[in-house]
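In what follows, a single structure is set out as structure tokens and then discussed.
The values are calculated or read from the model by the stated rules, or taken from the named source; none is laboratory data. Keep in mind the model is a prediction, meaning the values are calculated, not measured. Neighbour counts are summed over all protein chains in view; Cβ atoms, including those assigned to glycine, are modelled from backbone coordinates with ideal geometry. Ligands, DNA and RNA are excluded from the accessible area calculation, which covers all protein heavy atoms including side chains. Shrake-Rupley method; radii C 1.70, N 1.55, O 1.52, S 1.80 Å.
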Amino acid sequence: YASGRDIEGLKFLRGLDPIVSATMKDPREFSTSFVQACPAGAAAFASASAMLALMSNPSLFERFSNLARWILRSYPTEALMGATTWTLFHAVAKLGNFALRSFDLVWSPDQLLNLPQDPHDFDRLRLHPALRVKHLEAAEGHQHPATRELASFLRNIKGIQQDPESMVYITAVGGVPFANYIQGFIQRALKVGLSALVIACMDSIALERCSQVVQDVKRSGSGSERFLCVPAMEGHVIFIKHAFLPVLLSAAVDTVWIDFDTFILQDPSPALRATRENPREVLPRRSRVRFG
């Protein structure tokens, strides 16, 4: 059952839980014997295995997550009893979000700014700053608060108002010690001259720290209007990308995701614009593509 090209199944089981490995001479015994004997332990084991596999083997993750779901559905009473003592079960509710459910848990097309029917009209919005500003102003009455906040932020940025090639950058950060680096990240963005930066804060620690840094920038008169801290506490950073990138793109602004652990040597906008017209230069070599 626990086979996989990138992970030797039996070694994986042994390393994760020696007791289970000693009990199961044959990994197939997990589904034929162990699950029936200890449903709560089996569900916890399958959940932990799925979490580990998430970082290394998508195919193996799918197997373990499906197994965990099957156990919970087949033995709900035993699983609930086990959940009172197995702290791992607090993560089970979130586990399925990664593969078994799509990102529509935290995002839907209704959150986009209103888009023209003709794609050529959308390109005209992007290339004509005045039309783009009107497009952003029209989002003042949008039903989704985050969309209104992003549109308002972009509308007040000088580059968005004047430059059709202006870009907005977005990153995500959460927790300690990462929140301690928000100040340095923003200072570096100021130094190199990023036109706009949205920081998706994945917990209250990051949001509080980010807001404080932006306020400090505002007091120094260094251009705080270029930075926006937004709460994004729905889950994994993958969800943050799916939730924010479509909305920013619907604002008719070129959008760039930048990992928080990136050190910005210089404003990459000119290089991105130059290579955009020649996409072969920015496509990764096949040998460098990490599948899954």
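Things to note:
- Here the helices (runs of 4 or more DSSP H) wholly within region 199-283 that include at least 2 residues being within 14 Å of VAL173 (Cβ to Cβ) are 204-220, 237-250.
- Yes/no for PRO116 being touching a Phe, Trp or Tyr at 6+ places or on another chain (Cβ under 7 Å), modelled with pLDDT of 75 or more and open to solvent by less than 50 Å² (accessible area, probe 1.4 Å): yes
- The set of residues in region 107-124 that are more than 10 Å from HIS135 (Cβ to Cβ) and of a type in the set (A, V, I, L, M, F, W, C) comprises TRP107, LEU112.
- So LYS94, is it modelled with pLDDT of 90 or more and exposed (fewer than 15 other Cβ atoms within 10 Å of the Cβ): no
- One residue stands out among those in region 148-184 that are part of a loop (DSSP other than H, G, I, E, B) and of a type outside the set (S, T, N, Q): the one that is surrounded by the fewest Cβ atoms within 10 Å (Cβ to Cβ), which is PRO177.
- Selection from region 31-40 of residues that are assigned to a helix (DSSP H, G or I) and either more than 17 Å from ARG73 (Cβ to Cβ) or at pLDDT 80 or above (or both): THR32, SER33, PHE34, VAL35, GLN36, ALA37, PRO39, ALA40
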